[in-house]
């Protein structure tokens, strides 16, 4: 089995597993009595399983696969190293699921690693890094400086996760902001843009145009990265709040990334199987930036904070933008692409899912009691969410099956 095949199977396998849990959670919101079927495995225990399998499974493994693709040789040894690293990653993530279902959690969103999992997960990540480093060391002269620096910087990740998972490091809920802020949103977006800037190089995509024109675009991209970093640092001084005009302007600065990222992406020759998904990802990103700015405005933020509206925005980012980008990555790694019906089913399901939760959140902000009324708006929206989730689950199962068939051919 090739490294690309292993990357697809592990990535899509975790997407299917996380989606199954998500559909179960959506059903529990409509019919809480279903929890009697699973005894102590309540809604609260399934939530970290769904969130973390999505984040550390589907939302991370295609990027890890791009790293394996770039750093490992294409010989039998390289393929074996890739399969071993992916297996270690999946075992660590599976063990986390076991501990969360057992009720062992730090209580920190997306950092619920606690007990034995707090040691097992960083060890798995460190083992993956060590496998990469051991294969790169004899060939280090083959890599540019930025690639060696990136690999060295990734060594920090396992230790940072172990440290941040400690409940004593910082509280589960930020007492200063009570929710998302312009500075934190800008900072996280810069991280994503840095990843996207490196992605074509990690995939070893050829340039689609002359080098001189490309380097003009590259310099402009790098200049705006530096400007945005300075802006992000400046915004984090003092009180961080969406009532501050400076923070609103800082978030609005993300709009300038739209043409920059588009021009940068078009400078590379993406495989035909990946290009439609890049276009869809870019569309979701446009919607994400526009709605993110609106949601951050004081009146809107005060109404949507801690409602299903923010859940809708999170799914817009993960199920819309990230999923489309990651399918493009998997397609670029070997020519595989989802079948047309499942591709459209995922996108349609995502639209319905996000719209239902956004509308519920908007109404919930002024009428929170509607969540406790059976047969009302909340049940209708949760029903749409369940139906959309089931459609997306079916699409993801088809992706996994089609990838498996593609890799066997």
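The values are calculated or read from the model by the stated rules, or taken from the named source; none is laboratory data. Source: prediction; values computed, not measured. So basically every Cβ, Gly included, is an ideal-geometry build from the backbone, and we count neighbours across all protein chains shown.
Of note:
- Criterion (outside the structural domain of residue 192 (by TED's automatic domain parsing), within 19 Å of the chain's Cα centre (by Cα) and either closer than 19 Å to residue 361 by Cβ or modelled with pLDDT of 85 or more (or both)) met by exactly one of 321, 297, 304: 321
- For the stretch 146-165, a residue qualifies if it is closer than 15 Å to residue 130 by Cβ and assigned to a loop (DSSP other than H, G, I, E, B), and exactly one does: 155.
- Residue count, the stretch 24-55 (criterion: outside any helix (DSSP H, G or I) and farther than 17 Å from residue 389 by Cα): 5
- All of (1) at pLDDT 95 or above; (2) assigned to a loop (DSSP other than H, G, I, E, B) hold for residue 390 with one exception: (2).
- Set 309, 376: member being touching a helix residue (DSSP H, G or I) at 6+ places or on another chain (Cβ under 9 Å), closer than 29 Å to residue 279 by Cβ and modelled with pLDDT under 95: 309
- Residue in the stretch 221-229 that is assigned to a helix (DSSP H, G or I), under 24 Å from the mean Cα position of the chain (by Cα), more than 24 Å from residue 202 (Cα to Cα) and at pLDDT 65 or above present: no
- Only one of 362, 336, 380, 399 that is assigned by TED's automatic domain parsing to the domain that holds residue 297, closer than 23 Å to residue 290 by Cβ and either touching a residue at least 40 places away in the same chain (Cβ under 8 Å) or over 18 Å from the mean Cα position of the chain (by Cα) (or both): 362
- Residue identified as in the same structural domain as residue 163 (by TED's automatic domain parsing), touching a residue at least 60 places away in the same chain (Cβ under 8 Å) and within 22 Å of residue 330 (Cα to Cα) among 17, 82: 82
- So residue 390, is it surrounded by fewer than 24 Cβ atoms within 10 Å (Cβ to Cβ) and farther than 17 Å from residue 274 by Cβ: yes
- Residues of the stretch 175-206 that turn out to be modelled with pLDDT of 60 or more and part of a loop (DSSP other than H, G, I, E, B), as a count: 4
- Screening the candidates 5, 27, 94 for the property of being at pLDDT 95 or above, within 22 Å of the chain's Cα centre (by Cα) and more than 27 Å from residue 149 (Cα to Cα) yields one hit, 94.
- Checking 168, 139 one by one, the residue that is at pLDDT below 95 and outside any loop (DSSP other than H, G, I, E, B) is 139 and no other.
- Filtered residues of the stretch 67-92 (kept if in a helix (DSSP H, G or I) and farther than 13 Å from residue 6 by Cα): 67, 70, 71, 76, 77, 91, 92
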